[in-house]
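I have placed the structure first, in the form of structure tokens, so that the comments after it can refer back to it.
The values are calculated or read from the model by the stated rules, or taken from the named source; none is laboratory data. These figures come from a predicted structure and were not determined experimentally. Glycine also receives a Cβ, built like all others from the backbone with ideal geometry; neighbour counts cover every protein chain displayed. Note: areas computed on protein heavy atoms with side chains; ligands, DNA, RNA excluded. Shrake-Rupley method; radii C 1.70, N 1.55, O 1.52, S 1.80 Å.
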Amino acid sequence: MRPPLGPGPPEMNGGHLLRRSERVVSGASTALAWIGGACLIAIVGVVAAGVIMRYGFQSPILGVNEIVQSAAVILVTMALPYCTARGDHVNVDVFDRLLGRWGRLAGDALARLVSIVVLVVLSYRAALKALDAAEWGDATNMLALPLWPFHAALALGAGVSALIYALELLALPRRGKVE
């Protein structure tokens with residue numbers, strides 16, 4: 001497992017600006033994870049209330065599926081930066097011994113670079129979609145929940161994750177080892 005972004009020995013984190021950026025992004029990813037955790041608790045509460053109301057009182061809650069789907073979008077996109085910063089994504093190291101130290105370093109750099117590109121494009125497109133949804137008043141079918149906050153959450157989560165990968169890419173040669 002990679003060490004989380006954050007303060008550490010100067011020889012591992014590079015310059016002062018990189019260390020400060022890592023601390024700020026680490027704090028932001030933790031705050032977003034708390035928001036995601038609150039959404040998880042809300043999902044559990046809404047589903048439990050929906051089941052109790054439907055089967056206990058024969059009075060289902062209107063729009064439970066929309067609420068759960070919308071909260072799940074926020075849950076996943078807010079948890080993504082935290083998971084990225086902690087290095088908790090699935091890593092496959094089938095070719096590590098074959099590639100050697102420098103091959104792994106190049107592979108790690110390439111993986112981060114590809115991730116940055118994909119996440120930046122995703123964040124940009126989601127931000128444009130959020131603006132478009134806000135302008136046109138796009139909403140869910142049942143409850144008429146506005147859709148722009150969910151697109152904005154996706155843009156934020158993907159953007160912070162891309163920033164984390166960019167900081168890791170910058171710090172990769174300075175860390176002196178391949179995780």
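Just checking, which of 61, 74 is in contact with a helix residue (DSSP H, G or I) (Cβ under 7 Å, 6 or more places away or on another chain) and open to solvent by 60 Å² or more (accessible area, probe 1.4 Å)? I'd like the intermediate steps shown before the answer.
On the way: 74 fails: open to solvent by 60 Å² or more (accessible area, probe 1.4 Å).
Result: 61 is the single residue among 61, 74 that is in contact with a helix residue (DSSP H, G or I) (Cβ under 7 Å, 6 or more places away or on another chain) and open to solvent by 60 Å² or more (accessible area, probe 1.4 Å).
Given 80, 145, which one is touching a helix residue (DSSP H, G or I) at 6+ places or on another chain (Cβ under 7 Å), within 19 Å of residue 24 (Cβ to Cβ) and open to solvent by 50 Å² or more (accessible area, probe 1.4 Å)?
Values: 145 fails: within 19 Å of residue 24 (Cβ to Cβ).
On inspection, the qualifying residue turns out to be 80.
May I ask you to list the residues in segment 90-105 that are open to solvent by 60 Å² or more (accessible area, probe 1.4 Å) and either of a type outside the set (Asp, Glu) or touching a Pro at 6+ places or on another chain (Cβ under 6 Å) (or both)? First the steps, then the outcome.
Within segment 90-105, the first condition is being open to solvent by 60 Å² or more (accessible area, probe 1.4 Å), and the residues that meet it are 90-95, 97-99, 101-102, 104.
Residues satisfying the conditions are 90, 91, 92, 94, 95, 97, 98, 99, 101, 102, 104.
Scan segment 150-179 for residues that are under 17 Å from the mean Cα position of the chain (by Cα) and free of Cβ contacts under 8 Å to residues at least 60 places away in the same chain and jot them down.
Those that are under 17 Å from the mean Cα position of the chain (by Cα) and free of Cβ contacts under 8 Å to residues at least 60 places away in the same chain: 151, 152, 155, 159, 162, 166.
Go through (1) acidic (Asp, Glu); (2) assigned to a helix (DSSP H, G or I); (3) without any contact (Cβ under 8 Å) to a residue 12 or more places away in the chain one by one and return the number of the condition residue 66 breaks.
Of everything listed in (1) acidic (Asp, Glu); (2) assigned to a helix (DSSP H, G or I); (3) without any contact (Cβ under 8 Å) to a residue 12 or more places away in the chain, residue 66 misses just condition (3).
Taking segment 108-124 as the region of interest, how many residues are over 30 Å from residue 149 (Cβ atoms) and surrounded by fewer than 17 Cβ atoms within 10 Å (Cβ to Cβ)?
Start the filter on segment 108-124 by keeping residues that are over 30 Å from residue 149 (Cβ atoms), which leaves 108-111, 113.
When the remaining residues are screened for being surrounded by fewer than 17 Cβ atoms within 10 Å (Cβ to Cβ), the result is 109-111, 113.
Qualifying residue count for the region: 4.
Only residues that are modelled with pLDDT of 60 or more and open to solvent by less than 40 Å² (accessible area, probe 1.4 Å): list them for segment 1-26, please.
Within segment 1-26, the subset modelled with pLDDT of 60 or more is 16-26.
Those that are modelled with pLDDT of 60 or more and open to solvent by less than 40 Å² (accessible area, probe 1.4 Å): 18, 21, 22, 25, 26.
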